[in-house]
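**Student:** Here it is: the structure, laid out below.
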Amino acid sequence: MKMDQKVSFITGGTKGIGAALAIELARRGSDVAINGRVADEQAQAVQSSIEALGRRCIIVAADVSDAAAAGRGVDSVVSLLGRLDVLVHSAGQVVRGSLLEASEETWYRTFDIHVHAVFHLCRAAVPFMRGQGEGAILLIGSAAGLRGYQGAIAYSVAKGALPQFARSLARELADYNIRVNCVSPGVTRTRLQEYLTAAQVKNNIDNRIPLHREGKAEDVAKLMGTLICNDLITGENVAIDGGMSMRMV
């Protein structure tokens, strides 16, 4: 898929990996709709960066974990930008708590954000993509979903669902020339990692990541751009974690 004259909708596109991807796809020629819960200064800064590249950009303020809001968001993109070629669900947050610590509210809310939102968004977006004869859907999992993450059971299980969601949906949509993939980042220096202490960062680099360095949002965005543009890749989950998910100890 060439990005020229295409339209991409990125949830969580106002910051972190989502923002980096929004700018990456704009560089490749796509117009972009970015989603956050509010159209704040961060969202406006990303919008300005995309427009400086000569591409159109709109901000879709919505909580996409709500089915109606997700549907309205997709409709807004098509109405204002004319089509929808790429859907990326980047919205999310690290939710901490063990089995005995996490509340039921935390458990369900985590699945709303990371899993149910994907269901709602895809149901809204796929009819437009089928009508156009092609499309690309990309989900963001996590190394925590591949190996588990102590002290964050809801987050780990929810993120672990996304590669299987991508595989299942890829089979459903292959006949319509719609590709579905997932990426699973490891430790990536974004706002989601701000809670880490200096000692935890050092432990990650020294002992958990074989390449001994953290990722950057731009690293993940470049990989995501490749998965979106390569017409022969579907149903895959690609870890981008410096080798962390392959460690056995």
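Read-outs throughout are calculated quantities, based only on the coordinates presented, and are distinct from any laboratory measurement. Being a predicted model, the structure only gives us computed values, none of them experimental. With ideal geometry, Cβ positions are generated from the backbone for all residues, glycine too; neighbour counts draw on all protein chains shown.
**Student:** What do you reckon, is Leu21 under 19 Å from Gly92 (Cα atoms) and part of a helix (DSSP H, G or I)?
**Tutor:** Details: under 19 Å from Gly92 (Cα atoms): yes; part of a helix (DSSP H, G or I): yes.
Yes, satisfied.
**Student:** Right, something else. Of all residues in region 222-236, which are assigned to a helix (DSSP H, G or I) and β-branched (Val, Ile, Thr)?
**Tutor:** Step one: list which residues in region 222-236 are assigned to a helix (DSSP H, G or I), which gives 222-229.
Selection gives Thr226, Ile228.
**Student:** List every residue pair whose Cβ atoms sit under 8 Å apart, with the two residues 6 or more apart in sequence or on different chains, where the first one lies in region 25-46 and is more than 21 Å from Val64 (Cβ to Cβ) and the second, anywhere, is of a type in the set (A, V, I, L, M, F, W, C).
**Tutor:** Arg27/Leu53; Arg28/Met3; Arg28/Cys229; Gly29/Met3
**Student:** On to the next question. Pick from region 92-114 the residues that are more than 18 Å from Asp63 (Cβ to Cβ) and of a type in the set (Gly, Ala, Ser): which of them is surrounded by the most Cβ atoms within 10 Å (Cβ to Cβ)?
**Tutor:** Looking at residues that are more than 18 Å from Asp63 (Cβ to Cβ) and of a type in the set (Gly, Ala, Ser), I get Ala102.
**Student:** Taking region 86-134 as the region of interest, how many residues are charged (D, E, K, R) and not in a helix (DSSP H, G or I)? Working first, answer last.
**Tutor:** At the first step, the residues of region 86-134 found to be charged (D, E, K, R) are 96, 101, 104-105, 109, 112, 123, 130, 134.
Next, only the ones that are not in a helix (DSSP H, G or I) stay: 96, 101, 134.
Here the count works out to 3.
**Student:** Let me ask another. Regarding region 5-14, can at least one residue be identified that is buried (at least 24 other Cβ atoms within 10 Å of the Cβ), part of a loop (DSSP other than H, G, I, E, B), hydroxyl-bearing (Ser, Thr, Tyr) and out of contact with any Lys or Arg (no Cβ under 7 Å at 6 or more places or on another chain)?
**Tutor:** yes
**Student:** Would you check which residues across region 152-192 are surrounded by fewer than 24 Cβ atoms within 10 Å (Cβ to Cβ), under 22 Å from Gly215 (Cα atoms) and in contact with a Lys or Arg (Cβ under 8 Å, 6 or more places away or on another chain) and list them?
**Tutor:** Hits for region 152-192 are Ala152, Val187, Thr188, Arg189, Thr190, Arg191.
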